[in-house]
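> Just passing along the structure, written as structure tokens.
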Amino acid sequence: MEAGDEVPAIWKDDVREVLLGSADISARVRQLGKEISAAYGGLNPVMLPVLKGSYIFAADLSRSLEIPHEIQFLRARSYVGTESSGDVSISGLEGVDLRERHVIVVEDIVDTGLTLKCILKKIRALGAIDVRSCTLLQKDTNRRRSDVPPVDYIAFHVQDEFVVGYGLDYNQRFRHLPFIGILKPHA
Ligand code: IMP
């Protein structure tokens, strides 16, 4: 399935458009896997996917890496109503030793960048010697905070619309779509 393909009948009521098809996604993820493998040879990095949104991307990216690596999942939650204060709670790293490690944080989508900024700060504080970021999608938006460092590995840039599928949800729905799409307004 490719971008612009017709939306499969079972999702036609909810999905307006296929933005990135499954074939486009898997080709790009394989390419990114090669790029990261070339950069991290001999370093045994720790991949840190951010749940839940990056679970499918992380599974595919991990299988496309041609180097030894470890994987640990973390969870990030923004406190409703306090976004501007930068209040993001991060869990899942209890008992995980990141000292002297090369870490790759794996996000589903970077929008304002607040979540990623808070995660990077926390990982650095845990003693990692090198922390880089990787995201499936980066939104082209003027909401991005100016204090967010540029993402090191970006699979795709997307327009400023709400997207679902390939791990990304709307109220916990649509994560399992094999493509990334834009919802219809009523969905
Ligand atoms: P940020 O902190 O504003 O960069 O937002 C990041 C988080 O918001 C992502 O990890 C997603 O969970 C969620 N998010 C932002 N935009 C979208 C979207 O278009 N679809 C689904 N989730 C989104």
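> With region 111-183 as the region, which strands (runs of 3 or more DSSP E) entirely inside it contain at least 3 residues that are within 19 Å of Ser78 (Cβ to Cβ), under 15 Å from the mean Cα position of the chain (by Cα) and touching a residue at least 12 places away in the same chain (Cβ under 8 Å)?
130-139
> Still on this structure, I have one more. For region 79-89, indicate whether the set of residues that are hydroxyl-bearing (Ser, Thr, Tyr) and part of a loop (DSSP other than H, G, I, E, B) is non-empty.
yes
> For region 73-87, give me each residue that is at pLDDT 95 or above and exposed (fewer than 15 other Cβ atoms within 10 Å of the Cβ).
Arg75
> If you don't mind, another one. Please tell me if Tyr55 is more than 18 Å from Gln138 (Cα to Cα), surrounded by 15 or more Cβ atoms within 10 Å (Cβ to Cβ) and in contact (Cβ under 8 Å) with a residue 60 or more places away in the chain.
Spelling it out, it is not the case that Tyr55 is more than 18 Å from Gln138 (Cα to Cα), surrounded by 15 or more Cβ atoms within 10 Å (Cβ to Cβ) and in contact (Cβ under 8 Å) with a residue 60 or more places away in the chain.
> Next question. Do we have any residue at all in region 142-152 that's away from the ligand (no atom under 13 Å from the Cβ), in contact with a strand residue (DSSP E or B) (Cβ under 8 Å, 6 or more places away or on another chain) and farther than 18 Å from Ile36 by Cα?
No - not one qualifying residue is present in region 142-152.
> Looking at (1) surrounded by 22 or more Cβ atoms within 10 Å (Cβ to Cβ); (2) closer than 30 Å to Pro8 by Cβ, which is the one condition that is false for Gln159?
Only one criterion is unmet by Gln159, namely (1).
> Which one is farthest from the chain's Cα centre (by Cα) among residues in region 21-52 that are touching a residue at least 60 places away in the same chain (Cβ under 8 Å) and within 16 Å of Asp169 (Cβ to Cβ)?
Out of the qualifying residues, it is Lys52.
> Let me ask something additional. I'd like to check something: does region 157-167 contain any residue that is more than 11 Å from the ligand (Cβ to nearest atom) and either at pLDDT 95 or above or of a type in the set (Lys, Arg) (or both)?
Yes, region 157-167 contains at least one residue that is more than 11 Å from the ligand (Cβ to nearest atom) and either at pLDDT 95 or above or of a type in the set (Lys, Arg) (or both).
> Right, here's the next one. Of the residues that make up region 117-135, is at least one touching a Gly at 6+ places or on another chain (Cβ under 8 Å), at negative phi and surrounded by 14 or more Cβ atoms within 10 Å (Cβ to Cβ)?
yes
> Sort through Leu98, Leu93, Leu183 and tell me the only one that's within 13 Å of the ligand (Cβ to nearest atom) and either of a type outside the set (S, T, N, Q) or over 22 Å from Ala59 (Cα atoms) (or both).
It is Leu183.
The values are calculated or read from the model by the stated rules, or taken from the named source; none is laboratory data. What you see is a predicted model, and the numbers here were worked out from it, not measured in a lab. Cβ: placed from backbone, ideal geometry, glycine included. Neighbour counts: every protein chain shown.
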